[in-house]
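Values in this text are rule-based calculations from the coordinates and carry no lab data. Computed from a predicted model, the values in this text were never measured in an experiment. Cβ: placed from backbone, ideal geometry, glycine included. Neighbour counts: every protein chain shown.
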Amino acid sequence: MTNSENKNFKYLLFFFIGIFTFFLSGYVLSGIHPPTSIYLMFVIYGVLFAGGLLVSREKSSGFILKAFAVSFTALFLISTAFFALGAFSHENSKSMGADKLEFAPDEFVIVTEEELDEYPALKRAIESQGGYFSVDSEEWERTSDFLREKGASEIKVGNDYYRVYFMTA
C-alpha cells in the first residue's frame, strides 16, 4: 500500500468515526434529552476521534485538522439529516380522537352510519374513544372539513354524543 493509499484509508477511517459517533450516541444516550445529549455526543466524538488518532499513528497537525474536518462533517451531515427528517415528520403529523359525552351538548350535528362509513377516521375515533391516534393528512383534512361544513365538532351517532378533537403537531 502506497503512502497516498494509506492516507486515504486513514481519512476513510475518520469518516466512519463521524458516522459511528452518531449511531453510538443514539444508542448510548437514548432517554437523555437535549441539550445534554448533544454535549455527551461531542464527548463520545472526542473519545472516538482520539482513538482514531492513536490507531492511525499520525502526529502532523495538517493530518489531524483534515481528519477532524472529515469526521466532523460526516457527523454534522448525518445529524442534520436526522433532525430535518424528525422536524418534517413532526410538522406533518396529524391525530384525532373523540370523547363520549355524558350529556347532550347545546349544539351538535347528527352523523349517520353511512357517513361514518365514508369517513373511516371519524368512525375509528368514535370506536376508540378517549384516546388519540395518528391519521393520514388527507383523511384528517377530509374529516375536519366534513365536520366544519356540518357546523359542529360535537356529534350524535345513534343515541350517543361525542366531542371530536383534531390535533396537529
Handout entry: Reduced Cα scattering model of the stretch 76-131, Debye log10 I(q)/I(0), q = 0.25 Å⁻¹
Key = -1.04
Exercise for the section: Kindly provide the GluC sites (Glu not before Pro) of the stretch 56-122 that DSSP labels as loop, not H, G, I, E or B, and whose Cβ sees at most 14 other Cβ atoms within 10 Å. Expected result: Glu102, Glu107
Fill in the blank from the handout: Sparse-neighbourhood loop hits (chymotrypsin sites (Phe, Trp or Tyr not before Pro), the stretch 56-108; DSSP loop; Cβ within 10 Å at most 16 others) -> Phe103
Problem - Answer label for log10 I(q)/I(0) by the Debye sum over Cα atoms at q = 0.09 Å⁻¹ (calculated), chosen among (i) -0.55; (ii) -0.63; (iii) -0.28 - result: (i)
Handout entry: Phe22, Phe9 arranged by Cβ crowding within 10 Å, fewest neighbours leading
Key = Phe9, Phe22
Fill in the blank from the handout: For the stretch 94-168 the translational diffusion coefficient, Stokes-Einstein from a Kirkwood Rh over Cα pairs at 20 °C and viscosity 1.002 mPa s, in µm²/s, is roughly 178 µm²/s
Problem - Residue-wise HN-Hα coupling along the stretch 39-55, computed from phi with Karplus coefficients 6.51, -1.76, 1.60 (Hz; x: Gly, Pro) - result: 4, 5, 5, 5, 5, 4, 4, x, 5, 5, 5, 4, x, x, 5, 5, 5
Practice task
Multiply the residue separation of Glu107 and Phe88 by 0.36 nm, subtract the distance between their alpha-carbon atoms, and state the gained length in nm to one decimal.
Solution key: 3.2 nm
Practice task
Using DSSP to define loop residues, name the trypsin sites (Lys or Arg not before Pro) in the stretch 1-67 whose beta-carbon has at most 16 other beta-carbon atoms within 10 Å.
Solution key: Arg57, Lys59
Problem - ³J(HN,Hα) computed for each position of the stretch 142-147 - Karplus, 6.51 cos²θ - 1.76 cosθ + 1.60, integer Hz, glycine/proline x - result: 4, 5, 4, 5, 4, 6
Practice task
Using Cα positions and a limit of under 20 Å, work out the lysines in reach of Lys150, with same-chain residues fewer than 8 apart set aside.
Solution key: Lys100, Lys123
Exercise for the section: State the extension gain, in nm to one decimal, for the chain segment bounded by Arg142 and Ile64, taking 0.36 nm per residue of separation less the distance between their alpha-carbons. Expected result: 22.4 nm
Practice task
Quote the relative contact order of the stretch 91-164 in percent (integer), defining contacts as alpha-carbon pairs under 8 Å separated by 6+ residues.
Solution key: 50 percent
Practice task
Would you work out the relative contact order for the chain, in percent, from Cα pairs under 8 angstrom that are 6 or more residues apart?
Solution key: 24 percent
Handout entry: Fewest-first ranking of Thr2, Thr112, Thr21, using other Cβ atoms within 10 Å as the exposure measure
Key = Thr2, Thr112, Thr21
Practice task
Give the distance, in whole Å, between the Cα centre of the stretch 111-160 and the Cα centre of the stretch 20-98.
Solution key: 42 Å
Handout entry: Acute angle (nearest 10 degrees) that the helix 3-28 long axis makes with the longest principal axis of the chain, alpha-carbon atoms
Key = 30 degrees
Completion exercise
Output for the stretch 1-59 (equivalent-ellipsoid semi-axes, sqrt of 5λ from the C-alpha gyration tensor, Å, descending) is 28, 10, 7
